[in-house]
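The values are calculated or read from the model by the stated rules, or taken from the named source; none is laboratory data. Small disclaimer: the values here were computed from a predicted structure and weren't measured. All Cβ positions, even for glycine, are placed from backbone atoms using ideal geometry, and neighbour counts span all protein chains on display. Each accessible area value is taken on the protein alone, full model and side chains, heavy atoms only, with ligands, DNA and RNA left out. Shrake-Rupley method; radii C 1.70, N 1.55, O 1.52, S 1.80 Å.
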Amino acid sequence: MRRMGIALAALLAAVLPVRAQSDWAQDIFRSLQSKPPLDAAEPGAKARSPTGKPTRTARGARADDTEDDQDAAAGAKKENVWVRPDLPPGKGQWQWRILKAEWSEEDTRGFEAFITAIGESECKTVHECITSSASNPNYHATNPPYTEFRADCADLPGFLRGYFAWKNGLPFSFSIKYGAHPRATGNKNGITGNQITERFDIVGPGPDGRRALPVIGQYVSTEHFRVPPAYAGKLLPDYYPVKLTRESIRAGTVIFDPDGHVAVVYKVSDDGLIHYIDAHPDNSLTRGIYGRDFARALPEMGAGFKRWRPQRLVGAKRGGDGQLVGGRIELSSDSSLADWSDEQYYGTATPRSRVWSDGKFPVSSGSEADYYDYLRLSLAGPDFKYKPLEETRTRIRSLCDDLKERVEAVDLAVKAGYPRKPQPSKLPPNIYSTTGDWEIYSTPSRDARLKTSFEELRDEVLRFILMSGQDNTLLDYSGKDLRAELRHVYDKEASACTITYVQTGGISRSFGFTEAMRRLFHMSFDPYHCVELRWGATTVEELRTCPDGAEKRAWYKAQARLRNQLTRTYGEPMGWTLAQLQNPQVDIGIAEVPDVDVEKVLDGIVEPGPVAGGETAGVTPGRNRRGGARAGQPAPRRGTTERMLVPAGHRP
């Protein structure tokens, strides 16, 4: 997200010794210096950040950054300069003209159609999605020339909402500052729920839309989503938690992963699958299906599904040109929202447990489903049944797409020359949450999600086999040997998936889906490593073209415990040196490589075990994630098929 100010980076670069010039401050400074202008066609245009910026970094300060930045985010350090956006009234055709006081039902439907069109298209970057006629048929022709549209994961919801509001003459308000929530309970990492302490209203006379949209990304981070459902903050947040129904979870709904990721729903299919889009620091836009890789957590963490809070412009006056001028934007309170609900945190059972982790999701006849199964069944049509062959096929194809998208992400670092640069003396303060070049060119978060998706493929295949053995009536399968048919589906889809990367010497190397699965925990996330290590090469023949010397090879070996970690621990202080990574006494990652091999299940090496009750509410199944726990969660249970299967014939 590159939101550390140029002045701060320049200061750091000036005071660091020469030997540190390959480290993070210098990299950030160079990346910010090379930022293209906001609009190359506008004389005297400033850099993409035309306004003052907060002193916090991309993911929010209290959990992830330095103590000075933590205080700055809460407004506690007087010496740190935090400024509100400065957006003077615009002129001409690019002005954000405020023509309506609030969103109509037609506007809401139009926004949902706008999101769905992007999701169902084949656009691969935020810029392409906004400028292509296929992905943005209604507005692409109205875009200003020479303007680059950018967003990463936290920016994407506000960017899309703001863009639509700009194109439709709507007012827009968004949060620009946060602090600790007054009722926050926190956890061992010091992460607490947040409250919104300042907001910014875009009212008439509106600013230049080209300058307004980037401002959203400069001020909004994932911390703005980390607000509890029982909100008692100073100002209302942009979003509110919703019921687990198709009426509430639809195109435009936001998904917040407390591990520090944000996605936007673009459709819910008839089989209850939630399809989403998400953006990344390199401006790429990808698609996925909601699953257990999105964590549940303490309600204070604000995880889950949220919708935009309705906004209404009050006190404005209509000018002679038809624009609404002045006024302020009011947000709807929780009590006025018909679909506000905290059931995704505490369960749907009555009476409700006071402890979130004891929350239940009953389906019928006193039986229960885990959260993810309950959600799937709630959103599916009345005749829904699990189709194991089709779902396994879909998951493998989705994973293949993810692997191919990783090719592009790794190639970005190679083209930028990072494998040729010296290894920095230590890792960033947090490898999952940082700024500058590491955020753009490294892949720890992408890789963790990829590994979790492989684990989910394995778990789901195992679960389908178990359901078949139970003659579960929610399983749509009439054959005699599900395991054998799943093996056939796997072999066919895996053989159709080919991953190709270019080695250091310029020769292309390809491998298949199964080989990619076996390489998963060897794939380096570090942009300073050769491309062969980035793709998990282990043979002498493949590594022959890797130019990395002894020092980089040592770094690669020492990062193994981090590669074995499935959970993205955004709140954990890192910044380790090579010596610290090599020290087994330092609590870093996990030593054991997680087993995500679906072939072991298909070949009968791993058999379904008994399901003893339900899962601990809110725990994503799987082993060896990070010391056993996600931020704000109880420790994952160990064992196989740990989650409660939906009992035969029972529905919500």
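Worth pointing out:
- Apart from one condition, residue 403 fits all of (1) within 30 Å of residue 363 (Cα to Cα); (2) open to solvent by less than 20 Å² (accessible area, probe 1.4 Å); (3) at pLDDT 90 or above; the exception is (1).
Okay, residues lined up against (1) assigned to a helix (DSSP H, G or I); (2) free of Cβ contacts under 8 Å to residues at least 24 places away in the same chain; (3) aromatic (Phe, Trp, Tyr); (4) over 30 Å from residue 204 (Cβ atoms):
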{"residue": "307", "(1), (2), (3), (4)": "no, no, no, no"}
{"residue": "320", "(1), (2), (3), (4)": "no, yes, no, no"}
{"residue": "330", "(1), (2), (3), (4)": "no, yes, no, no"}
{"residue": "335", "(1), (2), (3), (4)": "yes, yes, no, no"}
{"residue": "352", "(1), (2), (3), (4)": "no, yes, no, yes"}
{"residue": "357", "(1), (2), (3), (4)": "yes, no, no, yes"}
{"residue": "363", "(1), (2), (3), (4)": "no, no, no, yes"}
{"residue": "368", "(1), (2), (3), (4)": "no, no, no, yes"}
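- Taking first residues from the range 487-510 that are at negative phi and partners that are in a loop (DSSP other than H, G, I, E, B) and of a type in the set (Val, Ile, Thr), the Cβ contacts under 9 Å between residues at least 6 apart in sequence or on separate chains come to 503/545; 504/545; 505/545; 507/545.
- Residues located in the range 309-318, provided they are within 30 Å of residue 263 (Cα to Cα) and either of a type in the set (Lys, Arg) or part of a strand (DSSP E or B) (or both): 309, 311, 312, 313
- Flag for residue 255 being within 23 Å of residue 120 (Cβ to Cβ) and β-branched (Val, Ile, Thr): yes
Let's see how each residue does on (1) among the basic types (Lys, Arg); (2) in contact with a Leu (Cβ under 9 Å, 6 or more places away or on another chain); (3) under 13 Å from residue 116 (Cα atoms); (4) at pLDDT 95 or above:
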| site | (1), (2), (3), (4) |
| --- | --- |
| 259 | no, no, no, no |
| 264 | no, yes, yes, yes |
| 273 | no, yes, no, no |
| 277 | no, yes, yes, yes |
| 280 | no, no, no, no |
| 288 | no, no, no, no |
| 293 | no, yes, no, no |
| 299 | no, no, no, no |
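- Some residue of the range 264-285 being of a type outside the set (Val, Ile, Thr) and more than 29 Å from residue 122 (Cβ to Cβ): no
- Residues of the range 430-448 classified as within 16 Å of residue 535 (Cα to Cα), part of a helix (DSSP H, G or I) and not acidic (Asp, Glu), total: 5
- Residues of the range 122-139 that turn out to be surrounded by 15 or more Cβ atoms within 10 Å (Cβ to Cβ), out of contact with any Cys (no Cβ under 7 Å at 6 or more places or on another chain) and of a type outside the set (D, E, K, R), as a count: 6
- Enumeration of residues in the range 298-329 that are among the acidic types (Asp, Glu) and open to solvent by 70 Å² or more (accessible area, probe 1.4 Å): 321
- Subset of the range 471-519 that is touching a helix residue (DSSP H, G or I) at 6+ places or on another chain (Cβ under 7 Å), assigned to a loop (DSSP other than H, G, I, E, B) and buried (at least 16 other Cβ atoms within 10 Å of the Cβ) - its residue that is modelled with the lowest pLDDT: 477
- Within the range 95-112, the set of residues being over 23 Å from residue 208 (Cα atoms) and open to solvent by less than 60 Å² (accessible area, probe 1.4 Å) comprises 104, 108, 112.
- Flag if residue 232 is touching a residue at least 12 places away in the same chain (Cβ under 8 Å) and surrounded by fewer than 20 Cβ atoms within 10 Å (Cβ to Cβ): yes
- Residues of the range 512-536 satisfying the condition of being farther than 22 Å from residue 566 by Cβ and either in contact (Cβ under 8 Å) with a residue 40 or more places away in the chain or out of contact with any Asp or Glu (no Cβ under 7 Å at 6 or more places or on another chain) (or both): 512, 528, 530, 531
- Of the residues making up the range 259-282, those that are open to solvent by 10 Å² or more (accessible area, probe 1.4 Å), in a loop (DSSP other than H, G, I, E, B) and either in contact with a helix residue (DSSP H, G or I) (Cβ under 7 Å, 6 or more places away or on another chain) or free of Cβ contacts under 8 Å to residues at least 60 places away in the same chain (or both) are 269, 281, 282.
- In the set (1) within 18 Å of residue 451 (Cα to Cα); (2) open to solvent by 30 Å² or more (accessible area, probe 1.4 Å); (3) among the charged types (D, E, K, R), residue 563 fails one condition alone, (2).
- Qualifying residue in the range 339-350 (condition: open to solvent by 20 Å² or more (accessible area, probe 1.4 Å) and part of a helix (DSSP H, G or I)): yes
- Residue match in the range 578-600 (condition: more than 21 Å from residue 410 (Cα to Cα), modelled with pLDDT of 95 or more, more than 24 Å from the chain's Cα centre (by Cα) and buried (at least 23 other Cβ atoms within 10 Å of the Cβ)): yes
- Residue count for the range 146-169, restricted to those that are in contact with a Phe, Trp or Tyr (Cβ under 6 Å, 6 or more places away or on another chain), of a type outside the set (Gly, Ala, Ser) and either more than 14 Å from residue 114 (Cα to Cα) or free of Cβ contacts under 8 Å to residues at least 40 places away in the same chain (or both): 1
- The conditions of being open to solvent by 70 Å² or more (accessible area, probe 1.4 Å), of a type outside the set (A, V, I, L, M, F, W, C) and either part of a loop (DSSP other than H, G, I, E, B) or free of Cβ contacts under 8 Å to residues at least 12 places away in the same chain (or both) are not met by residue 397.
- Tallying residues that are assigned to a helix (DSSP H, G or I), open to solvent by less than 50 Å² (accessible area, probe 1.4 Å) and either farther than 26 Å from residue 588 by Cβ or out of contact with any Pro (no Cβ under 6 Å at 6 or more places or on another chain) (or both) within the range 415-429 yields 1.
- Single residue of the range 141-181 satisfying the filter (open to solvent by 30 Å² or more (accessible area, probe 1.4 Å) and small (Gly, Ala, Ser)) that is farthest from residue 213 (Cα to Cα): 180
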